[in-house]
Amino acid sequence: MTVSRRDFVKSSVLAVGALATSSLPTLVRAGERPKVYFSRELSAESLIRLYGRVNKDIGGKIAVKLHTGEPDGPNILPREWVRAFLAQLPNATVVECNVLYDSPRQTTAGHRRTLEQNGWAAFTTVDIMDEDGDAMLPVPGGKWLKEVAVGKHLLNYDSMVVLTHFKGHVMGGFGGSLKNISIGCASGKVGKRQLHSDGKQLWAGGPLFMERMVEGGKAVTQHFGKRITYINVLRNMSVSCDCEGVNAEPVRVPDLGILASTDILAVDKASVDMVYALPAEVRAPLVERIESRSGLRQLSYMKEMGMGSDDYELITV
């Protein structure tokens, strides 16, 4: 039975297990629902506390994948939060890849200038993973892609923490953990072109783009196995991605908190559910962006690809 978001969340935005974005049968047995940890508190301390709930398999050389933003981007994660967070992770490095669209970040040199301008270079050295080229990762069960090109340096890491600013996205509808590792780890010259092209045109959107993005994410999750974990920060949620920098649309959706899980589908589904739990007039801008781009296909195709469960248990921390 499909349960509407309105019925599901009418008592609280902290309600659990919404079925609003899919009526497909669950892929997990009773007692195996993934846990999604939630805190309303938006701070470095809250971020660190939630990470402590989902870091069991994280170790060795750790890649911290986050979006460091276009020059002077107003909505990227606070640098002081990330600085405090990195201090708690021994042997951790922030990682990025160059971009395909017109930006200073198309080149490694321009990317490094942007990192300095945005304040990251003041406390960390960001590894631009495709600086020395690409590495191909297989896409198990891929319908559109059998392999995807990621930044070569990705292979240097033992585990990954996906630290995501959850927000809207001009092509994806929304950008959560899936977008962060798929588009974000794809190499600028090769991998991003694989994901953004339908074989006939570049920047092809819609459901097929969502599926290709999911397949890119599947390659990264398959590579790290259990050694990957996810944190979504629901703050400054413009309908625009951080890739739009100072041209991003104004923020019109209230801050909600931080979510963390070892299940990528569960954490992105919980983030979407929290947006849909808002009053209709409040959620309208972001919901319109998600639905007009077929963004919910990210969730249903992740489920089809066996990347997690949308039947999660939400735990307030």
Neighbour-count ranking [beta-carbon atoms within 10 angstrom, fewest first] of F209, F166: F209, F166
Amide proton proximity set for I315, modelled H, under 5 Å, gap of 5+: V36, Y37, F38
Summed side-chain charge close to F224 - residues other than F224 whose Cβ falls under 13 Å, Lys, Arg +1, Asp, Glu -1: +3
Gaussian network model of the chain, Cα within-10 Å springs - most flexible of P71, P138, P90: P90
Length released on extending from D57 to D132, taking residue separation times 0.36 nm less the Cα-Cα span: 24.2 nm
Highest-fluctuation residue, D134, D242, D102 considered, GNM on the chain with Cα pairs under 10 Å: D102
Loop-located trypsin sites (Lys or Arg not before Pro) in region 96-200 whose Cβ has at most 11 other Cβ within 10 Å (DSSP): K200
The chain: relative contact order in percent, alpha carbon pairs under 8 Å with at least 6 residues between: 27 percent
Separation in nanometres of the label points that stand 7 Å from Cα toward Cβ, at E291 and N247: 2.8 nm
Förster radius 35 Å - calculated FRET efficiency between E304 and L89 (Cβ-Cβ, nearest 0.05): 0.60
Under 5 Å, built H, 5+ apart or other chain: amide partners of Y157: none
Selection from V272, A284, G245, by position along the positive dipole direction of the chain (Cβ): V272
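Once you have the Cα-Cα distance between I48 and D102, take 0.36 nm times their residue separation minus that, and quote the gain in nm to one decimal.
Between I48 and D102, full extension yields 16.0 nm more.
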Label-point separation in nm, D158 to Q117, each point 7 Å along Cα→Cβ: 3.7 nm
Kyte-Doolittle at least 0.0, axis length at least 27 Å by Cα - qualifying DSSP helices, the chain: none
Debye log10 I(q)/I(0) for the chain, one point scatterer per Cα, at q = 0.10 Å⁻¹: -0.49
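Every number here is computed from the coordinates shown, using simple stated rules; none is lab data. Computed from a predicted model, the values in this text were never measured in an experiment. Heads up, the Cβs are rebuilt from the backbone with ideal geometry, glycines too, and the neighbour counts pull from every protein chain shown.
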